[in-house]
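A quick write-up on the structure given underneath.
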Amino acid sequence: MDPVVFVLNGPNLNLLGLREPAVYGSSTLADVEALARATGDRLGLVVECRQSNHEGDLVDWIQEARTRARGIVLNAGALTHTSVAIHDAIRGVGVPTIEVHISNVHARESFRHHSYISPVAAGVIVGLGLDGYDLALQALARRIKRPDPSEPITA
Ligand code: CA2
């Protein structure tokens, strides 16, 4: 059985493609999830995608990952900038988590510059649009096969 990776999207990401295409592009959440599953197939990962507008759902899913997943790709949306609960959940489960943002949060309002997730993330990808999800899955696949990232890449 291939390793399971969760792709979790937070508040308002269900609106992708429906509004603000200048910031977030024109692809829908369904497109993002289909791409992530296709990337997972290519990399030998089973990708499980979920989205919620509720902080507690994300905390529950991060906790679920402790026993079910080898990695998490997380776009926590605006909760990135507010949620100590998500910070604590990531820290508590110890499952490698890659933080993804579609937009370049550092080129936007100052309230988007701080992330509670970055200090407990295995890596952060911002501003690369939907490619960020793909790149995060690639990073997790490598990490699962080569758990110490300081080791040289051999393949
Ligand atoms: O750039 C990202 O991926 C964000 O995580 C998106 C969040 C935002 O609060 C973060 O600062 C950066 C917002 C997602 C809202 O998505 C929408 C999509 C279409 C229309 C309205 C909102």
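The values are calculated or read from the model by the stated rules, or taken from the named source; none is laboratory data. On a predicted model such as this, the values are computed, not experimentally measured, just so you know. Every residue, glycine as well, gets a Cβ built from its backbone with ideal geometry; the counts of neighbours run over all protein chains shown.
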Selection count where residues are within 17 Å of Leu79 (Cβ to Cβ) and in a helix (DSSP H, G or I), scope region 105-129:
6
Could you run through region 8-62 and say how many residues are more than 13 Å from the ligand (Cβ to nearest atom), surrounded by fewer than 16 Cβ atoms within 10 Å (Cβ to Cβ) and either polar (S, T, N, Q) or in a loop (DSSP other than H, G, I, E, B) (or both)?
2
Quick one: which of Ile72, Ile90 is within 16 Å of the ligand (Cβ to nearest atom), modelled with pLDDT of 95 or more, crowded, with 19+ Cβ neighbours inside 10 Å and over 26 Å from Glu109 (Cα atoms)?
Ile72
Qualifying residue in region 39-57 (condition: in contact with a Ser or Thr (Cβ under 8 Å, 6 or more places away or on another chain), farther than 21 Å from Lys145 by Cβ and charged (D, E, K, R)):
yes
Run Ile153 past the list (1) outside any helix (DSSP H, G or I); (2) away from the ligand (no atom under 13 Å from the Cβ); (3) modelled with pLDDT of 95 or more and report the number of the one that doesn't hold.
(3)
Would you check which residues across region 98-143 are out of contact with any helix residue (DSSP H, G or I) (no Cβ under 9 Å at 6 or more places or on another chain) and near the ligand (Cβ under 10 Å from one of its atoms) and list them?
Asn104, Glu109, Gly132
So Thr80 passes all but one of these: (1) away from the ligand (no atom under 16 Å from the Cβ); (2) assigned to a helix (DSSP H, G or I); (3) closer than 24 Å to Ala141 by Cα. Which condition number does it fail?
(1)
List pairs: first in region 1-25 and touching a residue at least 40 places away in the same chain (Cβ under 8 Å), second near the ligand (Cβ under 10 Å from one of its atoms) and assigned to a strand (DSSP E or B), Cβ under 7 Å, 6+ apart or cross-chain?
Leu8/Leu74; Asn9/Asn75; Gly10/Asn75; Leu13/Asn75
All but one of (1) more than 15 Å from Gly129 (Cα to Cα); (2) in contact with a Phe, Trp or Tyr (Cβ under 7 Å, 6 or more places away or on another chain); (3) not charged (D, E, K, R) hold for Val100; which doesn't?
(1)
